[in-house]
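Data block below; observations after.
The values are calculated or read from the model by the stated rules, or taken from the named source; none is laboratory data. Computed from a predicted model, the values in this text were never measured in an experiment. Cβ placement follows ideal geometry from the backbone for every residue including glycine, while neighbour counts extend to all protein chains displayed.
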């Protein structure tokens, strides 16, 4: 059975070019980058080249790029690193949102339980957006860090990171600003100077690279305490032998994105969503996403799009189906070879309604029937047509079985 994979916000398929270069590293460049012999130095060159390419991609200096094991570790290093380096006498205060990925949310909650920080969890409006004014109103004299997600991993809603950064930049009080840009790296402006951030995280496996390699951008001068001790790797901020093959894979994934941007005839910024880099591929995926949304809403009664329709990533649509259990929808679609999710893969085994949708004010009966469709550059129009053909039959069947119908 041919599979239609629409869970790219969880992970993307590794690009063939990425697999090829990683296999070459495993076969021919397997040395430890810390070794001084020629095989080790050969591996070190791959790491150094990868750092330079990542810095070009982000728009920063090479020594502001820290390689980690993924987005979760990058988020942890950013948040725990700033808190651990804090020298003030008062307990530091962190501002974040109630709709963060759990790599941020659970980290802040744990620090709060340990008595190391106090925290404010901002709730978005009904469209999933946090405003700069909300952040400003939450600031206290002890606030040292703001961490707001760039593109929400469940709804695809784009947060106004640049506007928040500009507001923070104007304050007399120095507050470090972190954004989880894991879902934003492929199609959005992530340059720190544009966003006005001190810390930014992204990971390879959301951009057709390998799992197990992430990036933390840390602006020079941002105080960070290491979280893993050992060797002197990553500027003494992240001990451990570098994952050379994964770094090479990340580099190739970035190279493919840069090539796509270079080939696009309409590369630029849109007025409604200026952060979006409207490459030819982004526009194509947006059209497929909109076809999926419109086709679903028009053909299935009581289906609701969750989150802003304008401030939305090109490839993510979160739709609730009243009187249809989300897990049952996923299993029925999977039986037909169509893979989707009910939200973050990190919480897929939880029976609780989505914390993101709940924070947006969506009641449990709607949240439990939510499905996240996430597209990629591999998604075709024919695949979307097949989903639109299968989905109404599944929802009708499940509603007929539902005691709430």
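Odds and ends about this structure:
- Of all residues in segment 331-342 being surrounded by 20 or more Cβ atoms within 10 Å (Cβ to Cβ) and under 22 Å from the mean Cα position of the chain (by Cα), the one that is farthest from residue 369 (Cα to Cα): 340
- Among residues of segment 142-173, those that are touching a residue at least 12 places away in the same chain (Cβ under 8 Å), over 29 Å from residue 281 (Cα atoms) and surrounded by fewer than 24 Cβ atoms within 10 Å (Cβ to Cβ), counted: 9
- Selection from segment 91-106 of residues that are surrounded by fewer than 22 Cβ atoms within 10 Å (Cβ to Cβ) and within 28 Å of residue 232 (Cβ to Cβ): 92
- Restricting segment 307-321 to residues that are farther than 16 Å from residue 6 by Cβ and at pLDDT 95 or above, the residue that is surrounded by the fewest Cβ atoms within 10 Å (Cβ to Cβ): 308
- Number of the exception - residue 88 against (1) outside any helix (DSSP H, G or I); (2) within 14 Å of residue 238 (Cβ to Cβ): (2)
- All conditions but one from (1) more than 19 Å from the chain's Cα centre (by Cα); (2) outside any helix (DSSP H, G or I) apply to residue 110; the one that does not is (2).
- Complete set of residues in segment 224-243 that are touching a strand residue (DSSP E or B) at 6+ places or on another chain (Cβ under 8 Å) and either within 11 Å of residue 78 (Cβ to Cβ) or surrounded by fewer than 16 Cβ atoms within 10 Å (Cβ to Cβ) (or both): 224, 235, 237
- Filter pass, residue 105 being assigned by TED's automatic domain parsing to the domain that holds residue 73 and in contact with a helix residue (DSSP H, G or I) (Cβ under 6 Å, 6 or more places away or on another chain): no
- Residues in segment 272-297 that are in a loop (DSSP other than H, G, I, E, B) and out of contact with any strand residue (DSSP E or B) (no Cβ under 9 Å at 6 or more places or on another chain): 272, 274, 279.
- Any chance residue 324 is over 19 Å from residue 383 (Cβ atoms), surrounded by 20 or more Cβ atoms within 10 Å (Cβ to Cβ), touching a residue at least 24 places away in the same chain (Cβ under 8 Å) and not assigned by TED's automatic domain parsing to the domain that holds residue 185: yes
- Single unsatisfied condition, residue 32 versus (1) farther than 26 Å from residue 193 by Cβ; (2) in a loop (DSSP other than H, G, I, E, B); (3) in contact with a strand residue (DSSP E or B) (Cβ under 6 Å, 6 or more places away or on another chain): (3)
- Segment 113-141, subset within 24 Å of the chain's Cα centre (by Cα) and crowded, with 21+ Cβ neighbours inside 10 Å, residue nearest to residue 164 (Cα to Cα): 135
- Qualifying position, being free of Cβ contacts under 8 Å to residues at least 40 places away in the same chain, over 21 Å from the mean Cα position of the chain (by Cα) and within 30 Å of residue 380 (Cβ to Cβ), among 62, 16: 16
- Criterion applied to 30, 67, 56 was being in the same structural domain as residue 189 (by TED's automatic domain parsing), surrounded by fewer than 20 Cβ atoms within 10 Å (Cβ to Cβ) and under 25 Å from the mean Cα position of the chain (by Cα), and the one residue passing it is 56.
- Residue 190 vs. criteria in contact with a helix residue (DSSP H, G or I) (Cβ under 9 Å, 6 or more places away or on another chain) and farther than 30 Å from residue 16 by Cβ: no
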